[in-house]
Amino acid sequence: MRRARPTARKSLSLSRVYRLLEPGPVVLLTTANQGRANVMTMSWHTMLEFEPPLVGCVVSNRNFSFEALNVRKECVINIPTVKLAEAVVKCGNASGRRKDKFAAFGLTAVPATQVAAPLIAECYANLECQVVDAALVARYNFFVLEVVKAWIDPKVGVPRTLHHRGRGEFMVAGRTLRLTSRAK
Ligand SMILES: Cc1cc2nc3c(=O)[nH]c(=O)nc-3n(C[C@H](O)[C@H](O)[C@H](O)COP(=O)(O)O)c2cc1C
């Protein structure tokens, strides 16, 4: 048996694990409650089903968006590209409790068709969603969303989306690899 060589690996703090597995892209979640629209940055989300598309996401109950999502049970997942990087970070570092983030950060709210929350015009894709399962909200702030209407800007070919690596560091998507795969 070959003896494995000692590697130069370092132990990684468990608090940093999310940086390796964090799904992308970073999105802007819009909600509307009591006539007020809001937007927050979100990177903790995951696909759960192809069709109807189901998406799981964590929205902290410390965020203003939490109440809107929990009460109204609907939202829009807006997918920005690198052009919106500054606004993405700003929306993740300010609360809608005291600020109109659309006006403050130059985002245009456009009415959605199926939900009260607005689309963001500057984002290349917008997914109108309804909360279909709140069983894990009390324990994990985890909402299961069903995408009921999806919009895409056909002019954007390969979207240069942002992928969070923690502490204000982002990877920017760009290259496309086409490989034979059984995955959809
Ligand atoms: C890159 C990035 C990713 C974030 N991801 C999440 C997330 O997945 N879930 C969450 O609850 N907050 C996340 N946040 C924090 C919220 O965006 C932030 O607390 C925001 O101020 C909440 O706004 P609100 O109070 O108007 O809802 C993220 C922030 C940044 C900058």
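For the stretch 81-184, averaging the sequence separation of C-alpha pairs within contact (under 8 Å, six or more residues apart) and dividing by the residue count gives a relative contact order of 20 percent.
Calculated from DSSP H runs of 4 or more alone, at -39500 (n - 2.57) each and per residue, what is the 222 nm mean residue ellipticity of the chain, nearest 500? The helix-only estimate for the chain comes to -3500 deg cm²/dmol at 222 nm. Each residue of the stretch 43-56 was assigned a 3J(HN,Hα) from its phi angle through the Karplus curve 6.51 cos²θ - 1.76 cosθ + 1.60 (θ = phi - 60°); the sequence is 10, 8, 9, 8, 6, 10, 7, 6, 8, x, x, 10, 10, x Hz, with glycine and proline shown as x. Here the Debye sum runs over all C-alpha atoms of the stretch 7-61 as equal scatterers in vacuum, and log10 of I(q)/I(0) at q = 0.15, 0.31 Å⁻¹ comes out as -0.63, -1.23.
Kirkwood analysis of the Cα pair distances in the stretch 45-109 returns a hydrodynamic radius of 13.6 Å.
Between residue 112 and 119, the built amide H atoms are under 5 Å apart, and every one of these is 5 or more places off in sequence or on another chain. Residues whose amide H lies under 5 Å from that of residue 44, counting only those 5 or more places away or on a different chain, are 58; hydrogens are built 1.01 Å from N in the peptide plane.
Based on alpha carbons, the Rg and Dmax found for the stretch 120-184 are 16.0, 41 Å.
If the chain linking residue 163 and residue 97 were pulled fully straight, counting 0.36 nm for each residue of separation and taking away their Cα-Cα distance, it would gain 21.1 nm. For the stretch 36-184, just say rounded, prolate or oblate: build the C-alpha gyration tensor, square-root its eigenvalues into a ≥ b ≥ c, call rounded for a/c under 1.5, and beyond that prolate if a/b exceeds b/c, oblate if not. Rounded.
In this structure the amide hydrogen of residue 142, modeled in the peptide plane, comes within under 5 Å of the amide hydrogens of 137, none closer than 5 places in sequence on its chain.
Rg/Rh for the stretch 1-102 (Cα atoms only, Rh after Kirkwood) is 1.14. Per-residue 3J(HN,Hα) values for the stretch 86-94, derived from phi via the Karplus relation 6.51 cos²θ - 1.76 cosθ + 1.60 with θ = phi - 60°, read 4, 5, 4, 5, 5, 5, x, 10, 9 Hz in sequence order (x marks Gly and Pro).
Could you check how many percent of all C-alpha pairs in the stretch 29-69 are farther apart than 17 Å? I get 38 percent for the Cα pairs in the stretch 29-69 exceeding 17 Å.
Here r is the Cβ-Cβ distance between residue 21 and residue 62 and R0 is 22 Å; the resulting FRET efficiency, rounded to 0.05, is 0.45.
Sketch the reach of a paramagnetic label on residue 110 as a point 7 Å from Cα along Cα-to-Cβ, and name the residues of the stretch 54-94 whose backbone nitrogen lies under 19 Å away. Residues 75-85, 87-88 fall inside that zone.
Extension gain, residue 71 to residue 136: 0.36 nm times the residue separation minus the Cα-Cα distance gives 21.9 nm.
Every number here is computed from the coordinates shown, using simple stated rules; none is lab data. Not measured: the values here are computed from a predicted model. Note that each Cβ is placed from the backbone with ideal geometry, even for glycine, and that neighbours are counted across all protein chains shown.
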